[in-house]
Amino acid sequence: MKLYNKPLSPYCAFIRIIAEVKDLPLKLIDAPAGPPLPESFREISPMRRIPVLVTGSGETLFEASVIAEYLEERFPEKPMMPADPKDRAQIRIIMRLLDLDVLPSIIPVLLAGPASLQSAEKTAKISTHVRHALQTVEARISSGPYALGEEVTLADAWLAPTRFLLESLRHFPGYEAILEDCPKIEGYKANAEGIPEIAAVLGEMQDARKALAKAS
């Protein structure tokens, strides 16, 4: 299988973690420069988004959540969803909150950089929204080492890269308290770094961040 990838993209990191946990061979292909990705990339990803997975049979799948579901169903030998429907629902809630509320709010801020002009009102609005979503996640995760349960799940695959980005965000003016009242998410950084499959992907993200800082 092939994955169109950017090392710092949390959405790509989700899929790389799943591949690590399931021990799946995955050839990484560098996605074009962006955002925005070039118009020509629509031939591969209609909405010009990554990641994109090309299966062994040549099918092209896009949208991280869809790819995650495909890998979970296609390779069930190392499940990343628990058997209990209630636990499965909790994991889906965590994934949705991070996917729909946290990441779309913080990624534009991170891409703009700490020196970007942003009103105090806008910063406060984003911070309040993200903190509310994080507190909702906080109420649903365990103290560790895993996000939920006794094994790595899809909740870990989503939470670990998000926590990585939050570490950068908290150094931006107006976002210093982004993890206030979230001690479990705060401590999850150390937990994730102790899970080999996740640590490998976080190391790739860290290397990419250092390379980006050096280039700029």
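The values are calculated or read from the model by the stated rules, or taken from the named source; none is laboratory data. Every value quoted in this text rests on a predicted model; they were computed, and no experiment measured them. Counting neighbours? That spans all protein chains shown, and the Cβs are built from the backbone with ideal geometry, glycine included.
Observations on the model:
- T128 being over 16 Å from A157 (Cα atoms) and either surrounded by 18 or more Cβ atoms within 10 Å (Cβ to Cβ) or touching a residue at least 12 places away in the same chain (Cβ under 8 Å) (or both): no
- Every condition in (1) in a helix (DSSP H, G or I); (2) touching a residue at least 40 places away in the same chain (Cβ under 8 Å); (3) among the basic types (K, R) is met by R140 except one, and the failing one is (1).
- For the stretch 189-216, the candidate set comprises residues that are out of contact with any Asp or Glu (no Cβ under 9 Å at 6 or more places or on another chain) and either closer than 15 Å to L134 by Cβ or basic (K, R) (or both); within that set, the residue that is surrounded by the most Cβ atoms within 10 Å (Cβ to Cβ) is R209.
- Filter result for R16 (under 18 Å from the mean Cα position of the chain (by Cα) and among the basic types (K, R)): yes
- Contact map, the stretch 151-176: first residue of a type outside the set (S, T, Y), second residue buried (at least 23 other Cβ atoms within 10 Å of the Cβ) and not in a helix (DSSP H, G or I), Cβ cut-off under 6 Å, separation 6 or more or different chains; pairs are A155/A147; D156/A147; L159/A147.
- Criterion violated by L179 - all others in (1) in contact with an Asp or Glu (Cβ under 8 Å, 6 or more places away or on another chain); (2) surrounded by fewer than 17 Cβ atoms within 10 Å (Cβ to Cβ); (3) not basic (K, R) satisfied: (2)
- Filtered by the rule that a residue be at pLDDT 95 or above and over 18 Å from H129 (Cβ atoms), the stretch 169-183 gives a lone residue, P183.
- Residue check, I106 among the hydrophobic types (A, V, I, L, M, F, W, C), crowded, with 17+ Cβ neighbours inside 10 Å, in contact with a helix residue (DSSP H, G or I) (Cβ under 6 Å, 6 or more places away or on another chain) and more than 22 Å from P82 (Cβ to Cβ): yes
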